[in-house]
Amino acid sequence: MKSLLFRSLIVFSMLGLVACQSTKTSKANEPTSKAVTAQRSDLLITPQAAVDLGYSLNWLQHVKATNSDPITGVSVLGDKIVVIQEKSKTVTALNTDSGKQLWKVKIDRKGVLYKAAKLGNDILINSEVEAFLLNEQTGQIEDIIQLPHVASTSAVVVDNQAIFGTINGRIYSMDLHRKIEHWGYKFRKEIKAELKEIEGSVLVGDMQGVYGKVSGRDGTLLFIGKTFGPIVSQPAVNDLSIFVASEDQFLYAIKRTDGTEQWKLPFGTALTYAPQAFGLSVYLPVDGDGMYALDALSGEILWKKEVPMTAVAGDDDSVTVAQTRGIRILDAKSGDELAVAMTNKLRNAISLDNGGLLLIGADGDIVRLSQR
């Protein structure tokens, strides 16, 4: 059966400088997608492959990405998806429901652009030394704030305060609208692992192997612990535990409430990839050693896949994993394959709140899949 796909036609109009910010903004003039009359041979995923996986292809959008200017950050922020290409300093906003391009802005400032967050009615993007507040409707930069400490992570937001990790191990909260630092807490060394917010608190891991949980509201240290190697990946969380991967070669499970160590498991190599926790299991990619599925309560290895893959969604019964050339649904207990869909140059996949998936291709294709 011949399938019809939709690709948005993006028409750019160049605007002038925004204040003195050296920033160029463009918006899509076409309000709707146009039908593709012939199916492309290089689609990120075909409609039939999505059906085979138990999904339908909701929309397809394209942002121009290349090997020299890849997509480096994607944030799903309610009704908007914000895409960052760090090399060209380009930020694109898409409508989550339709895939329509809402706006595109180029931030001509020095430094790395970290992933976007939602701060009130603004989109927040930070570099190491500046925070940019963008109007969520137009993409216009409304304010540029000098950060008091050099950031090394993207921001998380708690109670309308932006929280950053820094190059000297400090985590701090700032009211960006009032330009006032609210609180700070000093860990040992640089914080490279992305911060994780859970129920108003923030999980932190630093390059000396220290991890902790800090109140996002006032900076109170709730617990602290230590591994014996740098922590470079974001921890995972389920209802009972926090899972921390360390370059000391161990995966640690600690109690979510007070930080008590529950178990730890060695893997014989530095752990640099982020664990993922879904249902009763924890999934850990290991460099050069595939992916492991562990019992979240005991740390027992349930099964292992020899090829690289990353868990992106799951529950007690199944887990969805992403590879460059495919999306697979596996049995959570045995690892047996339940469904598969081939993909073309898949770079990343993100689970959506409604059970859908967002697929990001290396060439800039972005696809939303909805459960059938």
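Things worth noting here:
- Put simply, of L251, L203 the only residue that is under 22 Å from G290 (Cα atoms) and buried (at least 20 other Cβ atoms within 10 Å of the Cβ) is L251.
- Hey, R178 out of contact with any Asp or Glu (no Cβ under 8 Å at 6 or more places or on another chain), among the charged types (D, E, K, R) and either closer than 21 Å to V129 by Cβ or surrounded by fewer than 16 Cβ atoms within 10 Å (Cβ to Cβ) (or both) or not: yes
- Candidate set: segment 347-358, residues that are in a strand (DSSP E or B) and out of contact with any Lys or Arg (no Cβ under 8 Å at 6 or more places or on another chain); chosen: the one surrounded by the most Cβ atoms within 10 Å (Cβ to Cβ): A349
- Hits in segment 234-282 - residues which are touching a Ser or Thr at 6+ places or on another chain (Cβ under 8 Å) and hydroxyl-bearing (S, T, Y): S246, Y252, T272, Y273
- Failed condition for S233, given (1) buried (at least 17 other Cβ atoms within 10 Å of the Cβ); (2) within 25 Å of N121 (Cα to Cα); (3) polar (S, T, N, Q): (2)
A quick yes/no check of all residues on (1) in contact (Cβ under 8 Å) with a residue 40 or more places away in the chain; (2) outside any loop (DSSP other than H, G, I, E, B); (3) over 20 Å from K333 (Cα atoms):
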| residue | (1), (2), (3) |
| --- | --- |
| V244 | no, yes, yes |
| E247 | no, no, yes |
| A253 | yes, yes, no |
| Q262 | no, yes, yes |
| G288 | no, no, yes |
| Y292 | no, yes, no |
| G299 | yes, no, no |
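- Being crowded, with 17+ Cβ neighbours inside 10 Å and out of contact with any Leu (no Cβ under 9 Å at 6 or more places or on another chain) is a property that holds for A277.
- Contacts under 8 angstrom Cβ, first residue in segment 267-282 being under 14 Å from Q234 (Cα atoms), partner at pLDDT below 95 and part of a loop (DSSP other than H, G, I, E, B), 6 or more apart: none
- Of all the numbered requirements in (1) closer than 24 Å to G73 by Cβ; (2) surrounded by 23 or more Cβ atoms within 10 Å (Cβ to Cβ), K213 misses one, and that requirement is (1).
- Selection status of I167, surrounded by fewer than 18 Cβ atoms within 10 Å (Cβ to Cβ), under 21 Å from the mean Cα position of the chain (by Cα) and farther than 26 Å from L240 by Cα: yes
- Taking the criterion of being of a type in the set (A, V, I, L, M) and under 22 Å from the mean Cα position of the chain (by Cα), the residues of segment 192-238 that qualify are A193, L195, I198, V202, L203, V204, M207, V214, I231, V232, A236, V237.
The values are calculated or read from the model by the stated rules, or taken from the named source; none is laboratory data. The model shown is predicted, which means the values in this text are computed figures rather than measured ones. When we count neighbours, we look across all protein chains shown, and the Cβ atoms used for this are built from the backbone with ideal geometry, even at glycine.
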